[in-house]
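K.L.:
Sending over a structure as structure tokens; questions will come in a sec.
The values are calculated or read from the model by the stated rules, or taken from the named source; none is laboratory data. In this text the structure is predicted, and so the values were computed from the model without any measurement. Cβ coordinates were reconstructed from backbone atoms using ideal geometry, including for glycine residues, and neighbour counts include every protein chain displayed. Protein only, heavy atoms only, side chains kept; ligands, DNA and RNA dropped before computing areas. Shrake-Rupley method; radii C 1.70, N 1.55, O 1.52, S 1.80 Å.
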Amino acid sequence: MTDVIVIGCGVIGAALAYRLSQYKLKVLVLEKQNDVAMGATRANSAIIHAGFDPEPGTLMAKLNVQGSNMARTLCEKLSVPYLNNGALVLGFDKEEELTLNKLYERGIKNGVEGLSLLDGEQTRAMEPHVSREVTLSLYAPTSAIVDPWEYALAFAEVAKTNGVDFRFEQEVTAIEKTAFGYTVITRKGRYDTRFVVNCAGVASDTVHDMVAPKSFTIRPVRGDYCVLDKNENSKAHCTLFQCPSKSGKGVLVTPTVHGNLLVGPNAVPCEDKFRVNTTADGIDFVKRMALRSVPDVDFRSTIRSYAGMRANHDRDDFIIEFAAPAFLDIAGIKSPGLSAAPAIALEALKLLEGVGLPMERNPSATDERKKLRFRNMTVEERQRAISENPLYGRVICRCETVTEAEILGAIHSPLTPHSIDGIKRRAGSGMGRCQGGFCSPKIVELLARELGISPLEVLKDGAGSYILDSETKDGEKANEL
Ligand SMILES: Cc1cc2nc3c(=O)[nH]c(=O)nc-3n(C[C@H](O)[C@H](O)[C@H](O)COP(=O)(O)OP(=O)(O)OC[C@H]3O[C@@H](n4cnc5c(N)ncnc54)[C@H](O)[C@@H]3O)c2cc1C
């Protein structure tokens with residue numbers, strides 16, 4: 001019997017697994033998809049928000065600021081790319097100036113440090129590409145950017161190293177109440193547990209409804225993005241927001257930790273919570289709005305577009321409460337959920353302990369992870385790495401300078417990836433200008449060789465996303481579709 005089952009392995013489930021793994025507990029994570037961070041956690045703006053936006057007194061405000069304060073140290077401990085680049089919220093007229101003043105006051109109430117209001121000239125002195133129409137901005141120096149899927153992966157990998165059991169492609173379809181707790185049912189098995197935590201993102205209402213009367217409904221809101229090549233990166237140093245509205249934080253222009261420029265999102269309410277395709281209208285809107293902030297963004301340098309689904313809902317705050325005895329909802333974790341994740345996990349731990357989860361520290365548990373990235377090494381470090389392991393000398397992804405040693409490290413990491421995108425999330429390959437055009441065939445070969453499978457079985461991304469169709473008669477090569 002398991003002590004705790006965590007349903008869903010986005011950044012919230014992963015951060016919780018990380019915290020639980022510090023204790024002598026039997027923990028099982030059940031995830032519907034074939035990898036960590038396949039929901040909102042991989043398709044967002046990647047901002048560690050300072051915390052001036054949420055309404056004071058809410059869980060969102062408290063946990064945003066706490067999570068943001070924890071992020072730098074955690075990212076250092078876990079080798080997660082993080083950059084404290086600061087943020088500016090841009091105001092274009094008198095009405096938006098009022099909003100900025102309100103955000104400033106709110107930020108002070110929420111305990112955000114270092115906030116200041118800058119006039120148009122001061123704003124452009126910091127960010128020369130910002131529009132001449134900007135009259136006032138709110139500067140938040142504690143805002144940061146992060147690699148969101150690496151954040152979740154790092155939490156999950158450490159949890160796995162500490163003994164947490166992860167099962168993928170295990171969608172929870174039903175939950176039964178038992179004398180000792182619950183039986184959680186997937187198509188592949190039935191799992192007995194004393195406690196359950198629902199971290200199912202946009203599906204957290206469905207999972208809640210398996211054990212308790214309906215008390216909230218997820219109202220999904222899609223956001224589209226464009227990723228631009230590194231040659232556009234100098235257009236913004238801080239994260240440049242526009243004034244937020246009820247549906248979201250507005251279209252932003254921001255650098256990424258990988259050195260690209262990111263533009264988006266819009267906010268489109270959707271019926272189908274799992275349909276995360278971009279639309280031409282959405283991308284057009286995002287481009288138009290971004291040009292309002294930074295008029296010289298050159299969209300000919302777009303290398304990718306994607307969309308993410310917000311778990312917005314019909315209540316105003318994060319839902320972190322017991323739906324039934326020993327069944328905790330961490331539901332409707334919309335933005336700033338990425339920023340708040342480590343604080344949400346600690347809050348959940350407190351609640352679980354309060355209802356009897358025994359919390360005895362595991363002295364052999366680690367809370368760290370080290371990851372070497374060839375592209376970040378000095379020349380001397382590179383030479384040393386290559387002399388110790390010649391596979392550091394074989395560059396597989398030329399755009400991002402990712403070596404064969406790093407790809408093999410990703411394949412043999414604690415949570416084995418089975419797809420090209422799984423390698424991308426772990427090693428950073430395929431993130432560059434050519435978007436995997438050169439490295440993908442080589443990565444297929446390496447995945448097939450190392451996992452002992454046919455290249456035909458290698459996936460692009462989620463279950464069923466095969467990229468090769470058949471082998472030629474002589475068996476030497478597979479035909480690419
Ligand atoms: C467009 C957009 C922009 C955002 N920008 C930011 C930002 O800049 N900063 C910030 O702080 N926050 C941001 N957010 C919010 C942030 O991304 C989310 O709050 C966070 O990723 C939520 O994590 P999660 O683990 O709750 O959900 P998810 O990452 O969606 O994970 C839920 C997991 O549950 C799994 N699951 C679902 N149903 C089941 C089931 N029945 N059985 C098993 N598993 C199941 C899913 O497959 C998924 O992996 C943004 C969100 C979006 C969509």
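K.L.:
Could you pull out the residue among ALA365, ALA385, ALA405, ALA448 that is under 25 Å from ARG72 (Cα atoms) and at pLDDT 95 or above? Full working, then the answer.
P.N.:
Values: ALA385 fails: under 25 Å from ARG72 (Cα atoms); ALA405 fails: under 25 Å from ARG72 (Cα atoms); ALA448 fails: under 25 Å from ARG72 (Cα atoms).
The match here is ALA365.
K.L.:
Where the second residue is within 10 Å of the ligand (Cβ to nearest atom) and hydroxyl-bearing (Ser, Thr, Tyr) and the first is assigned by TED's automatic domain parsing to the domain that holds GLY13 and open to solvent by 20 Å² or more (accessible area, probe 1.4 Å) and lies in region 184-213, which pairs have Cβ atoms under 9 Å and are six or more apart or on separate chains?
P.N.:
Listed by first residue and then by second, the contacts come to ILE185/THR173; ARG187/THR173; ALA200/THR206; GLY201/THR41; MET210/THR173.
K.L.:
I've got another one for you. If the requirement is being over 18 Å from ALA236 (Cβ atoms) and either among the β-branched types (Val, Ile, Thr) or in the same structural domain as ALA236 (by TED's automatic domain parsing) (or both), which of these qualifies: VAL130, VAL134, VAL112?
P.N.:
Working: VAL130 fails: over 18 Å from ALA236 (Cβ atoms); VAL134 fails: over 18 Å from ALA236 (Cβ atoms).
Result of the check over VAL130, VAL134, VAL112: VAL112.
K.L.:
I would also like to ask the following. Return the only residue of VAL297, VAL286 being touching an Asp or Glu at 6+ places or on another chain (Cβ under 8 Å), buried (at least 16 other Cβ atoms within 10 Å of the Cβ) and assigned to a loop (DSSP other than H, G, I, E, B).
P.N.:
Values: VAL286 fails: assigned to a loop (DSSP other than H, G, I, E, B).
Of VAL297, VAL286, the one residue that is touching an Asp or Glu at 6+ places or on another chain (Cβ under 8 Å), buried (at least 16 other Cβ atoms within 10 Å of the Cβ) and assigned to a loop (DSSP other than H, G, I, E, B) is VAL297.
K.L.:
Would you mind finding the one in ARG369, ARG398, ARG375 that is in contact with a Cys (Cβ under 9 Å, 6 or more places away or on another chain) and in contact (Cβ under 8 Å) with a residue 40 or more places away in the chain?
P.N.:
Numbers: ARG369 fails: in contact with a Cys (Cβ under 9 Å, 6 or more places away or on another chain); ARG375 fails: in contact with a Cys (Cβ under 9 Å, 6 or more places away or on another chain).
From the options ARG369, ARG398, ARG375, the qualifying one is ARG398.
K.L.:
Just need a number here: residues in region 343-383 that are of a type in the set (Lys, Arg) and more than 18 Å from GLY409 (Cα to Cα). Break it down stepwise before answering.
P.N.:
To start, the set of residues in region 343-383 that are of a type in the set (Lys, Arg) comprises 350, 361, 369-371, 373, 375, 382.
When the remaining residues are screened for being more than 18 Å from GLY409 (Cα to Cα), the result is 350, 361.
Summing the residues that are of a type in the set (Lys, Arg) and more than 18 Å from GLY409 (Cα to Cα) in region 343-383 gives 2.
K.L.:
Could you tell me which numbered condition PHE216 fails, if it satisfies all but one of (1) open to solvent by less than 10 Å² (accessible area, probe 1.4 Å); (2) more than 11 Å from the ligand (Cβ to nearest atom); (3) assigned to a strand (DSSP E or B)?
P.N.:
Answer for PHE216: the failing condition is (3).
K.L.:
Here is a further query. Scan region 370-386 residue by residue and report those that are open to solvent by less than 90 Å² (accessible area, probe 1.4 Å) and not aliphatic (A, V, I, L, M).
P.N.:
Filtering region 370-386 for residues open to solvent by less than 90 Å² (accessible area, probe 1.4 Å) gives 371, 373-375, 377-378, 381-382, 385-386.
Listed by number, the residues that qualify are LYS371, ARG373, PHE374, ARG375, THR378, GLU381, ARG382.
K.L.:
A further question on this structure: When the residues of region 140-175 are narrowed to those that are over 24 Å from GLY337 (Cβ atoms) and outside any loop (DSSP other than H, G, I, E, B), which ends up most open to solvent (accessible area, probe 1.4 Å)?
P.N.:
If we take residues in region 140-175 being over 24 Å from GLY337 (Cβ atoms) and outside any loop (DSSP other than H, G, I, E, B), then THR161 is most open to solvent (accessible area, probe 1.4 Å).
K.L.:
Based on this model, can you work out whether ILE344 counts as open to solvent by less than 40 Å² (accessible area, probe 1.4 Å), within 20 Å of LYS249 (Cα to Cα) and at pLDDT 95 or above?
P.N.:
no
K.L.:
Moving on to the next point. Answer yes or no: is there a residue in region 343-358 that is within 9 Å of the ligand (Cβ to nearest atom), assigned to a strand (DSSP E or B) and within 16 Å of VAL11 (Cα to Cα). Steps first, answer last, please.
P.N.:
From region 343-358, those within 9 Å of the ligand (Cβ to nearest atom) are 344; that's our starting set.
Subsequent filtering for residues that are assigned to a strand (DSSP E or B) retains none.
No - not one qualifying residue is present in region 343-358.
K.L.:
Considering only region 1-119, give the strands (runs of 3 or more DSSP E) lying wholly within it that have at least 3 residues that are surrounded by fewer than 24 Cβ atoms within 10 Å (Cβ to Cβ) and more than 16 Å from the ligand (Cβ to nearest atom).
P.N.:
Numbers: elements: 2-7, 27-30, 87-91, 116-119.
Filter on region 1-119 gives 116-119.
K.L.:
While we're on this one: Does region 222-244 hold any residues that are of a type in the set (Ser, Thr, Tyr) and within 13 Å of the ligand (Cβ to nearest atom), and which are they?
P.N.:
Just the residues of region 222-244 that are of a type in the set (Ser, Thr, Tyr), to begin with: 225, 234, 239.
The answer is TYR225, THR239.
K.L.:
When you go through (1) crowded, with 24+ Cβ neighbours inside 10 Å; (2) within 30 Å of ARG375 (Cβ to Cβ); (3) among the small types (Gly, Ala, Ser) one by one for SER234, which number turns out not to apply?
P.N.:
(1)
K.L.:
A follow-up question, please. Any idea how many residues of region 291-333 are free of Cβ contacts under 8 Å to residues at least 60 places away in the same chain and either in contact with a helix residue (DSSP H, G or I) (Cβ under 6 Å, 6 or more places away or on another chain) or not assigned by TED's automatic domain parsing to the domain that holds ASP192 (or both)?
P.N.:
Residues of region 291-333 free of Cβ contacts under 8 Å to residues at least 60 places away in the same chain: 291, 300, 321-322, 325.
Of the ones still in play, those that are also either in contact with a helix residue (DSSP H, G or I) (Cβ under 6 Å, 6 or more places away or on another chain) or not assigned by TED's automatic domain parsing to the domain that holds ASP192 (or both) are 291, 300.
Residues flagged as free of Cβ contacts under 8 Å to residues at least 60 places away in the same chain and either in contact with a helix residue (DSSP H, G or I) (Cβ under 6 Å, 6 or more places away or on another chain) or not assigned by TED's automatic domain parsing to the domain that holds ASP192 (or both) within region 291-333 amount to 2.
K.L.:
It is to be established whether one or more residues within region 331-349 are over 23 Å from ALA37 (Cβ atoms) and of a type outside the set (Val, Ile, Thr).
P.N.:
First pass over region 331-349, keeping only residues over 23 Å from ALA37 (Cβ atoms): none.
No; the residues of region 331-349 include none that is over 23 Å from ALA37 (Cβ atoms) and of a type outside the set (Val, Ile, Thr).
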